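Down below is the structure, laid out as structure tokens.
The values are calculated or read from the model by the stated rules, or taken from the named source; none is laboratory data. Fair warning: this is a prediction, and the values are worked out from it, not measured in the lab. Positions of Cβ are backbone-derived with ideal geometry, glycine not excepted, and every protein chain shown enters the neighbour counts. Quick note on the areas: whole protein, heavy atoms, side chains included, nothing else; ligands and nucleic acids left out. Shrake-Rupley method; radii C 1.70, N 1.55, O 1.52, S 1.80 Å.
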Amino acid sequence: MKSRVFAVVCGAACSLLLSALTVDAQTIFNPSPNWVSGDAGYATGAALVDLNRDGWLDLVVSNGNDMNRERLSVYYNTGSGAFPSLSSWQSSDIAYNGHLDVADVNGDGWPDVAVALLLNQGGPCAKLYMNNAGTLSSTPAWVSSFVAPAFTVAFGDMNNDGRPDLAVGTGDAYGSTPHAYRNVVHMNVGGALETTPSWQSADTWCYDSLMWVDATNDGWLDLIGLGSLTYTWGYANAGGALNTATAWRTNDVPSQFGLMACAGDLNGDGYPELIIADNNQLGGGSGRFRRYNGQAAGFFSQTANWTYSDGYCSAVELADVDGDGDLDLATGAWWDRTRIFLNTAGNFGAAPNFTSGGTSVVEKIVFGDIRNRTLRTRVETFPASSRRLYYLAKQPIQWVSSVRLDGVPLGPSQYYANIEHGWITVHAAPAVSLEVEYTYSIHPDMAISNWDPSIGNYVYFSRLPCNGDVDGDGDVDLSDLTVLLAHFGQTSGATWAGGDQDGDGDVDLSDLTYLLAGFGSICS
């Protein structure tokens, strides 16, 4: 009866609207960036994070690479969904800055920024800028005592105490002795990183990218090292103690030039897939983006299950860019185009679904809703368990609003939420339940750090509908209501085209609330 009533309401007009709602992947983003920074440098690391906690994502960029001593920069969101042309803040110190990562190290509720140091000429491998109520310290508040060149840092939680630990990948693929240094983890002790790392790898592989992921599905984060002039390697976590010897490796490209890795469950089987960017500049790499499927026995396949050739491959990142509930892949390369491969039933196609109109030297790709156009609040409840690590249903996320352990609110020093990879650790396992409330975007924007100092950093705004714009015509009006009503009551995973505004898999009164809140507005 319900479907017959709404069919009468919609009529022929509804049929016409629905026929036009197929997503054209090439139009998810403009071929050209919507924003280009005016203060270009040798940009390398990047993160979208609400540094000053005003409810808007800011862009943090580390500059220098192996080309020039430069600064850490922050582009503060204006509060209207825009970044200024010139960075709002710069560090006082200069360095050959590599990649960065963001976490609340001291548990005060403000995210801090760690940066790898590449050409440090006998200096520390990493440094940390503390966040002082929205403004980073002008010089590093902490530096590692471990001397080594480093291009990558990654925050994780090795012992599941709810505090972020810092892993540093060492070596210089361009150097005469690239495999001369151990890789390290600086544990977080009482809200401060230890100066001398308590974990060191038994090997001296050169890693240009590190990533924490529960590759064995046992509730503990393992460490993946993307090798340069070697394989990709995995270190297993045994109940909070990371093994110093590797437990897994790829075996298809013995001398790859790996520059970036990401991971996520692409096919919904509960096991994360690993995707890497393998550059061929140094001769041994394949020049391909490569996917390794997650295995029930732990870690990943040892040979690639999908590849795409792009030469100087440099960056990969996962996000649901089309709002259909699964993770899509964004890729970047040096002096090349940015591409997006949409996820179809857990697979990527032989050709990209989106290709940027121009080229750049991509170092890092990050996603987030810069304009707050399509934010959703989600509450996930996990039952009693011995685990203290939990993967959220969405990645990336904007921020975590609250965490309740057995009904008791936790403070920021009692949990660590990784916004890029979508997981959270808590200081104690739930005896009853763990409840996490967080915000994410169904149509995130894409930011890119650009090594080419003649161009600047990029932002591509999502062109998919904003809150309430169900039919995607750029405004919120009666036609949106018509489409939503046509799908009212559906529970089969309807996407934005069907009116599922809150992303919970059905179309009901809560979706109507989103539409009415934006009624009469124009989406920009």
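Okay, here's what the table says:
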item	result
Top positive-direction residue, dipole computed over the chain with Cβ charges, set Pro84, Ser144, Val400	Ser144
Relative contact order of the chain, pairs being alpha-carbon contacts under 8 Å that are 6 or more residues apart, as %	13
Global size of the chain as Cα Rg and Dmax, reported in angstrom	22.4, 75
Distance from segment 401-451 to segment 221-237 (C-alpha centre basis), Å	25
Amide hydrogen neighbours beyond the local backbone of Ser209, cut-off 5 Å, H modeled	Leu226
Axial C-alpha extent at least 18 Å, average Kyte-Doolittle at least -1.0 - helices from the chain (DSSP)	2-19
Residue-averaged 222 nm ellipticity for the chain, from DSSP H runs of 4+ at -39500 (n - 2.57), nearest 500	-2000 deg cm²/dmol
Solvent-accessible area per residue for segment 318-420 (1.4 angstrom probe, square angstrom)	36
Förster-model FRET efficiency, 22 Å R0, Arg53 and Val379, C-beta, rounded to 0.05	0.60
Virtual spin-label span in nm between Ala202 and Ala393, 7 Å along Cα→Cβ	4.2
Part-to-part distance (alpha-carbon centres) for segment 41-99 and segment 353-391, which is given in Å	19
In Hz, Karplus ³J(HN,Hα) per residue of segment 211-223 (6.51, -1.76, 1.60; θ = phi - 60°; x = Gly, Pro)	8, 8, 7, 7, 6, 10, 6, 10, x, 10, 6, 8, 10
